[in-house]
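Novice: Handing you a structure now.
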Amino acid sequence: MTEVSSLTGRLLVATPALSDPNFERAVVLMLDHDADGALGVVLNRPTPVGVSEVLEGWAELAGDPGVVFQGGPVALDAALALAVVPGTGPLGWRRVHGSIGLVDLEAPPQVLAAEVGSLRVFAGYAGWGPEQLEAELEEGAWYVVESEPGDVSAPRPEGLWRAVLRRQRGKLALLATYPDDPSLN
């Protein structure tokens, strides 16, 4: 790796200058980051598809809103699930960072039901090859900030970009007021 250490468990928050429509105002939770590349899920892209429509057994564990989220532009036919679990976590759950972890969707939902808080299902993911994310960081496409367990289960995911920026110190907090269309300013 270059000078950037592992970003696993941290958030990438799209800068206003990031023009890729897949990541405009995106908040990405990094699930893995090493010399081979990086993988994360976009936390603030709910779809109209209910979890019950694609993973019926998991619908009761899904947090509000109970929909599938578009985790990124890669492998949209694959599903990942995250959940916040205090303590060591049950079988079928793997810690990513703190109390945030990946859920094995092949496991029976009832095995995790007692311990899983607010499951969130993602179709697809965001992926970067070796050094690709580092290049984007150097270009100023992303702000890197600490994640909080509530980011995974935000009840108003469409407001997450502003909420994450608002809780930062200094100039980053001011960006929470950045207009959707600066040309109308």
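Novice: In angstroms, what radius of gyration and Dmax does the range 134-174 have, counting Cα atoms only?
Specialist: For the range 134-174, the Cα radius of gyration and maximum Cα-Cα distance read 11.6, 32 Å.
Novice: If you take the Cα Rg of the range 71-145 and divide it by 2.2 N^0.38 Å, with N the number of residues, what do you get? Walk me through the intermediate numbers first.
Specialist: Details: Rg = 15.0 Å, N = 75, 2.2 N^0.38 = 11.3 Å.
The reported ratio for this selection is 1.32.
Novice: Then there is this: Determine, for each peptide in 165-177, 21-33, the mean count of other beta carbons within 10 angstrom over its residues, then list the peptides with the highest first.
Specialist: 21-33, 165-177
Novice: Mind putting together the pair-distance distribution for the chain? All Cα pairs, 10 Å bins, whole percent per bin, short to long.
Specialist: 9, 37, 36, 15, 2, 0
Novice: On to the next question. Given the options Y125, G170, F23, identify the residue whose Cα lies farthest towards the positive end of the charge dipole of the chain (+1 on Cβ of Lys, Arg; -1 on Cβ of Asp, Glu).
Specialist: Value computed over the given set: G170.
Novice: Rg to Rh ratio, the range 17-65, alpha-carbon atoms and Kirkwood radius?
Specialist: We get a ratio of 1.08 for the range 17-65.
Novice: What does the range 51-105 give for Rg and for Dmax, in Å, if only its C-alpha atoms count?
Specialist: When restricted to the Cα atoms of the range 51-105, Rg and Dmax are 11.8, 32 Å.
Novice: Separate question: For the ranges 113-126, 75-88, what's the packing order if you count other beta-carbon atoms within 10 Å of each residue, average per peptide, and put the highest first?
Specialist: 113-126, 75-88
Novice: Report the FRET efficiency, 1/(1 + (r/R0)^6), for N22 and Q168, where r is their Cβ-Cβ distance and R0 is 30 Å, rounded to 0.05.
Specialist: Step by step, r from the Cβ atoms, then E = 0.85.
Novice: Just need the Rg to Rh number for the range 1-109, please, alpha carbons only, Kirkwood Rh. Can you show the working numbers first?
Specialist: Working: Rg = 14.8 Å, Rh = 15.2 Å.
Checking Rg against Rh, the ratio lands at 0.97.
Novice: Separation of the range 101-149 and the range 1-48 by C-alpha centroid, Å?
Specialist: So the separation of the two Cα centres works out to 9 Å.
Novice: Let me ask you something else. Where the only charges are on Cβ atoms (+1 Lys, Arg; -1 Asp, Glu), what is the dipole of the chain about its Cα centre, to the nearest 20 debye? Numbers along the way, then the final one.
Specialist: Working: 12 positive and 25 negative charges, 150 e Å.
Roughly 720 debye, rounded to the nearest 20.
Taken together, the values in this text are just the output of simple stated rules run on the coordinates, not laboratory data. Bear in mind that the values here come from a model prediction, so they are computed numbers and not experimental data. No Cβ is skipped: glycine too gets one built from the backbone with ideal geometry, and neighbour counts run over all protein chains shown.
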